[in-house]
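Derivation of every value follows stated rules applied to the coordinates shown; laboratory data play no part. Here the structure is a predicted model, which is why all the values come from computation and not from measurement. Please note: Cβ atoms are built from the backbone with ideal geometry, for glycine as well, and neighbour counts cover all protein chains shown.
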């Protein structure tokens, strides 16, 4: 569930990043091809179910717009408090020229009035900029703000519905990079003459920059600047509050637990979020691997376990009962705390709130204003989805 | 005329010497036991967290044998060894026994060297069951088994039951029709699986994980539930070595040798399916063990089920324990890949080396 | 003729009014037959006359047969499966092996009705295997894979297996089909020795009329599910019957040869 989304969100789909060796993309791009191959292998070796038909769903890398493209940082944010550097595109009147996160240059003759968002994060950003009335299409995973759910769905798990897109006659499509919106779909739309802006952030800073980029594309530059500065203030406050506590407990941010335990990869976006929230992240020991063995967990002995999959039914009692977990400090101390993964991982306007929620999960005593829209998770032992 | 006389005279005295010495089953058994012991020790000692060998041995002696050893290891080492690695190694061994025995049984029952534990649809049934379980909004937890395990187990049994009914295996008739029915039912279930996977959305990875097999989720609880089922099925099969021997020359000859073919076939098929289902529920779909191990053993000791079955069980256990060890060294690979990567080339090597005397 | 022989001892095999039908098609229409221990009988008849079906009735594999089949005076049900297998051995026309199997391992399969179900073969079983190999004279084949033997060698190995089975009644379904002359004669001589020296009753379905006439003292002729003649080759194989049963010109049928040959 969450896991798959998260994996897809790593790495950046540009040619530049492809050529940079340590980027996670190579490993990721492979991982799906590899899964398909493996399934085919399984078919060869006697498992009937893996007939040639089976790998198809894997090979096509379907988009899951459940959570939005959570950026994965390979560069730790150094100065979050500083104002995000303005986009490289100079402020200009219409027509405007923009360079998206994949380096594609697009032209906008006038402020777009019919906008399609292909990721829940983009949808949130457009609404937060006050341009929600200009959205004519979204994904079937849009859940925030509530009115977003009513948008016609033009992207589902299996891909972009091109006929629906064409029928809406958009003048701007906001896609998500790194194959969250399949690269083939982006190309297909561009071949049709549709203007597509691809957004993909790898760090908290880049999330802020993307908000400004979308604001610029919509002609809402001022609202974007205001939102960014508000978020920066909130992030700074969280950092200050956790720094005041002084302790940095070892934190396992559990991304998922079925079938294996999934934790942040080394230097990933989530690892940085945990760091910003005042914890010492336990990572998988590799920049590309997301699963972590229970052996490693036992050896690293987390002091706090944050349940990023609490919204999907995973709760502290179950975690504590897992074989081998009872000796961990976090389990003994009862420091297993649920968090709403959407705000923590979705690179949208609520990211600062997500950071606050994460910081409170790590340091419940910290002087941080609780996020406004905190979900009640694991109230009765088991969360409702 | 002279031969006749000689024959009579010789028949009167012990003539066992005429038969060549058996094909070294004792040596093979000792090798297997050694391999099993090595797999046990290495499987417990090695992992992706280093625990000193001295600590490992002292810990095992302390916990398993009750030796009064002073505790010099950290608590985490004890958790890792006793709660994580030991059940994992033992589960791998139990599953190895089950798959190897089931493979040998299906090969003998169907008189087909290419048969494996999954040949009659167990794999497809289990996979579909597991995949469906992920789509169902029901949570079940029963003694360490979730809905997925239960549906996988049920799916395996159900698939074979359907094949059995459809091919009317109950009567003496062509084994080809059984295999073809198994193939057809398997294909249908595979289509169901593909469809389920297509609809499964974000559960896809979970289904993949299951299809490739793994022991990373083993626990004492699961082992204690699964082991009795596997033991029961294995004992039933081991006790029917004579029936499998009689079936070597086909069902009609087996009947002429006094076998109740219909009953024996049902019992053997049921037991083999039961242990396959249990194995599949515990660890997902692990290929190649059930195909390769019986062939390997047959190569050395011949097709006599009295040797083939116990030795296959022994080598199935150590093979899978080693494969799991390899699988967890680089992180966590699906063990099904390891069994294939080790098993296939080894199998080819054996075929080439022995092709003079051993043709499939 | 048979009654004369069978009178003093209990018959090894007795069939009374055996009938068999597959659906509406009657395959056997009331067969009566009696074999004494040590007697050798060739079962002849055209294709589809019911010869193989008759064998299946004797071994109890034709489930819907009616009439009575007595082996050593008792029915198969009275014997029980295993006991029956110790009394009746069957040699099929062709034996296929799915796995590499050595000759001595094949012969040992004949001991299955004798060995302990759980503990396996005992010393006496191993001795019986060795004795059977010598009896049939296939010592030189020991250690070889059955699948790599010639058809003739393979048939001898299978005969050794049925000898190891220690049965008093031996049923054979075209035991010389596809064999070269040398192996045909070897098989025939072996059957004669088993009957004359060990007292085994032999009932063999034969296609080669000349070979049957040459080696079998008694011939039973089936035609369309009925027993049409039973007696010495010279009495049974008359030109009229040959024409009736096989529908061929009797002039091409060779005269029956004397029932013994120089050995």
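Roughly what angle does helix B:220-238 make with the longest principal axis of chain B, taking Cα atoms, 0 to 90 degrees, to the nearest 10?
0
Report Rg (one decimal) and Dmax (nearest whole number) for segment B:185-330, counting Cα atoms only, units Å.
My reading of the Cα-based Rg and Dmax gives 18.0, 56 Å.
Under the definition of Cα pairs under 8 Å and six or more residues apart, what whole-number percent is the relative contact order of chain B?
Values: 518 pairs, mean separation 101.6, N = 360.
28 percent.
For chain B, just say rounded, prolate or oblate: build the C-alpha gyration tensor, square-root its eigenvalues into a ≥ b ≥ c, call rounded for a/c under 1.5, and beyond that prolate if a/b exceeds b/c, oblate if not.
Values: a/c = 2.19, a/b = 1.27, b/c = 1.73.
The shape class here is oblate.
Calculate log10 I(q)/I(0) of chain C for q = 0.11, 0.13, 0.16 Å⁻¹, where I(q) comes from the Debye formula with a single equal point scatterer on each Cα and nothing for solvent.
Taking Cα atoms of chain C as identical point scatterers yields -0.61, -0.85, -1.27.
Equivalent ellipsoid semi-axes for segment A:226-273, as square roots of 5 times the alpha carbon gyration tensor eigenvalues: give them largest first, rounded to whole Å. Spell out each step's value before the answer.
Numbers: eigenvalues 141, 51, 14 Å².
Values for segment A:226-273, descending: 27, 16, 8 Å.
Using 7 Å Cα-to-Cβ label points, what is the residue A:223/residue C:197 separation (nm, one decimal)?
Taking the two extended label points, one gets 10.9 nm.
Sort B:234, C:34 so the one with the fewest other Cβ atoms within 10 Å of its own Cβ comes first.
Values: B:234 24, C:34 18.
Neighbour counts put them in this order, fewest first: C:34, B:234.
Going by how many other beta carbons lie within 10 Å of each one, how would you line up A:117, B:214, B:70, fewest first?
Numbers: A:117 33, B:214 23, B:70 7.
Sorted ascending by nearby Cβ count, the order is B:70, B:214, A:117.
What's the exposure ranking of A:378, C:57, going from fewest to most Cβ atoms within 10 Å? Walk me through the numbers on the way to the answer.
Numbers: A:378 21, C:57 25.
The most exposed by this proxy come first: A:378, C:57.
Extending each Cα 7 Å along its Cβ direction at residue A:106 and residue B:195, get the distance between those two points in nm, one decimal.
Result for the modelled spin labels: 3.8 nm.
Can you compute the FRET efficiency between residue A:153 and residue A:317 using 1/(1 + (r/R0)^6), with r the Cβ-Cβ distance and R0 = 35 Å? Round to the nearest 0.05. Before the final figure, lay out the partial values.
Working: r = 36 Å, r/R0 = 1.03.
The value I calculate is 0.45.
With runs of 4+ DSSP H residues as the only contributors, calculate the mean residue ellipticity of chain B at 222 nm using -39,500 (n - 2.57) per run, divided by the residue total and rounded to the nearest 500.
Helix-only estimate at 222 nm: -23000 deg cm²/dmol.
Relative contact order (percent) for chain C, with alpha-carbon contacts under 8 angstrom and 6 or more residues of separation? Don't skip to the answer; put the middle values down first.
Values: 495 pairs, mean separation 65.1, N = 263.
Dividing the mean separation by the residue count of chain C yields 25 percent.
In deg cm²/dmol, rounded to 500, what helix-only [θ] at 222 nm does chain C give when every DSSP H run of at least 4 residues adds -39500 (n - 2.57) and the total is split over its residues? Intermediate values should be presented prior to the final figure.
Values: 11 runs with 97 residues, N = 263.
Helix contribution divided over all residues of chain C: -10500 deg cm²/dmol.
So how tilted is helix C:181-198 from the main axis of chain C? Cα-based, degrees 0 to 90, rounded to 10.
Roughly 80 degrees between the two axes.
Based solely on C-alpha atoms, express the radius of gyration and the Dmax of segment A:237-381 in angstrom.
Both quantities, over Cα of segment A:237-381: 13.9, 39 Å.
If you average the alpha carbon positions of segment A:345-374 and of segment C:213-240, how far apart do those two centres end up, in angstrom?
When both Cα centres are located, 102 Å separates them.
If you average the C-alpha positions of segment C:104-125 and of segment A:199-219 separately, how far apart do those two centres end up, in angstrom?
Segment C:104-125 and segment A:199-219 have Cα centres spaced 81 Å from each other.
Helix B:53-64 versus the longest principal axis of chain B: what angle, 0 to 90°, nearest 10, using Cα atoms?
So the inclination is approximately 80 degrees.
Across the Cα atoms of segment C:57-210, what radius of gyration and what greatest pairwise Cα-Cα distance (Dmax) are found, in Å?
15.5, 47
Between segment C:11-61 and segment B:64-82, what is the C-alpha centre distance in whole Å?
Computed from Cα coordinates, the inter-centre distance equals 74 Å.
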